[in-house]
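Structure first, then comments.
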């Protein structure tokens with residue numbers, strides 16, 4: 001039976017939705033109805049912002065220690081309910097259950113704990129010459145989050161906002177929202193003061209734009225498409241609000257001549273396909289020496305063949321379905337576009353994987369002989385599609401990596417870390433991993449160019465939600 005959530009979280013209470021209109025959430029693995037949620041209204045969005053504004057002064061005046069204690073309890077409750085939340089997200093998004101617990105629940109649990117500690121340890125005041133610099137919460141934060149790592153992206157904004165002393169109105173993705181309801185249940189259970197956290201579900205052009213445009217919203221923190229991010233920025237600019245944006249990516253993974261090819265290609269294929277390619281920082285452009293292109297192709301096809309898609313709940317594969325039918329069709333269109341533009345397909349394709357006609361599956365697909373001016377090399381596909389791009393010189397490889405409207409992430413593989421580090425410095429992106437370096441949940445995450453403005457996670461993500469006041473004295 002489908003889950004039914006018919007209330008919104010406003011001013012510390014679950015409030016029955018005003019409208020009878022609902023939005024449907026489907027199960028990625030089967031396409032069946034998973035849940036229904038309220039289609040919130042502008043009036044409800046405005047009530048949520050008003051509640052956050054009314055709660056701000058008292059919350060900002062609480063001690064960092066007290067705020068940290070609330071965040072610690074939220075982190076502990078997330079850990080206690082990790083199995084339930086992982087199953088929810090595996091159904092909503094399609095990430096295999098074995099990965100969802102560690103990534104989709106593990107990362108947000110760590111983020112709440114990290115921000116609890118950060119609130120305690122942060123230096124809130126310092127002396128600079130004849131001034132005392134005071135850091136203060138920015139105010140009411142409108143947090144708008146995507147569906148691909150839903151709870152992780154919520155935690156990046158909500159945990160840091162609350163630790164900083166801000167109050168929050170969250171608009172989670174309507175595509176994968178049930179995890180947000182579970183977080184709101186936990187926040188209610190730990191007794192966060194009324195109005196400090198509010199949650200409105202609904203469509204972006206309705207409730208999303210309403211919380212951005214509300215005169216009592218002080219800051220907007222948005223993660224999603226570059227197109228939607230531009231719209232958020234336009235609305236916020238009317239009132240000169242602070243905006244933090246984490247947008248798209250088309251990250252290049254440079255493999256140098258002296259790299260361990262087997263390791264580099266295997267790792268690169270997995271990083272491209274993690275969460276079925278529904279990752280903004282996915283390494284979707286593999287930039288390789290032309291002299292070793294045939295070897296790379298063989299290794300890449302072998303790696304992809306070990307990632308046969310399967311049901312995210314019952315299957316044992318590391319690759320599941322896409323989030324929705326619309327996303328599945330979008331990815332298939334890009335695959336056909338790659339073929340039309342002359343890229344050579346060496347694995348996968350637009351047809352449904354055998355035996356997986358139900359659900360939103362796409363076969364892991366690899367194109368070779370891709371030129372960097374092709375659509376599949378320039379636009380974010382958000383599916384399990386890898387483009388292999390050959391180069392002749394190291395300088396050309398770096399130029400290919402930087403020839404993008406985006407600048408979110410990247411990778412470099414070389415015979416030594418020193419060489420990889422040297423090349424990494426030349427890539428204009430917010431993060432670069434060298435020789436398979438792991439994701440760091442306390443390192444700043446965000447991008448250059450059209451990948452966004454600002455950073456999330458760790459100290460730099462926390463400071464996004466603070467203003468700096470200089471008090472001059474004799």
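The numbers here are math on the coordinates, done by the rules we state, and not lab data. Computed from a predicted model, the values in this text were never measured in an experiment. Here the Cβ is made from the backbone with ideal geometry for all residues, glycine too, and neighbour counts use every protein chain on show.
At a glance:
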{"read-out": "Between the range 216-249 and the range 400-436, the alpha-carbon center distance in angstrom", "value": "27"}
{"read-out": "DSSP-defined beta bridges in the chain - what % are antiparallel, rounded to 5", "value": "45"}
{"read-out": "FRET efficiency, residue 2 to residue 402 (Cβ-Cβ, R0 41 Å, nearest 0.05)", "value": "0.30"}
{"read-out": "FRET efficiency for residue 127 and residue 340, using Cβ-Cβ distance with R0 set to 41 Å, rounded to 0.05", "value": "0.05"}
{"read-out": "Reported label for calculated Cα extents along the principal axes in Å given (i) 87, 57, 49; (ii) 64, 63, 40; (iii) 99, 89, 42", "value": "(ii)"}
{"read-out": "Helical mean residue ellipticity (222 nm; -39500 (n - 2.57) per DSSP H run of 4+; nearest 500) of the chain", "value": "-12000 deg cm²/dmol"}
{"read-out": "The chain: angle of helix 261-273 to the longest principal axis, Cα-based, in degrees nearest 10", "value": "50"}
{"read-out": "Added length on full extension, which subtracts the Cα-Cα distance from 0.36 nm per residue, residue 42 to residue 84", "value": "12.0 nm"}
{"read-out": "Proxy reagent accessibility, fewest Cβ within 10 Å first, across 408, 386, 261", "value": "261, 408, 386"}
{"read-out": "Relative packing of 266-273, 467-474, 253-260, 62-69, which averages over residues the other C-beta atoms within 10 Å, highest first", "value": "266-273, 253-260, 62-69, 467-474"}
{"read-out": "Spin-label model distance (nm) - residue 240 vs residue 18, 7 Å beyond Cα toward Cβ", "value": "3.1"}
{"read-out": "Residue-span extension gain [residue 470 to residue 292] - 0.36 nm each, minus C-alpha spacing", "value": "58.3 nm"}
{"read-out": "Principal-axis tilt of helix 226-237 within the chain, Cα atoms, nearest 10 degrees", "value": "30"}
{"read-out": "Per-pair calculated FRET efficiency, R0 = 41 Å: residue 422 and residue 317 via Cβ, rounded to 0.05", "value": "0.65"}
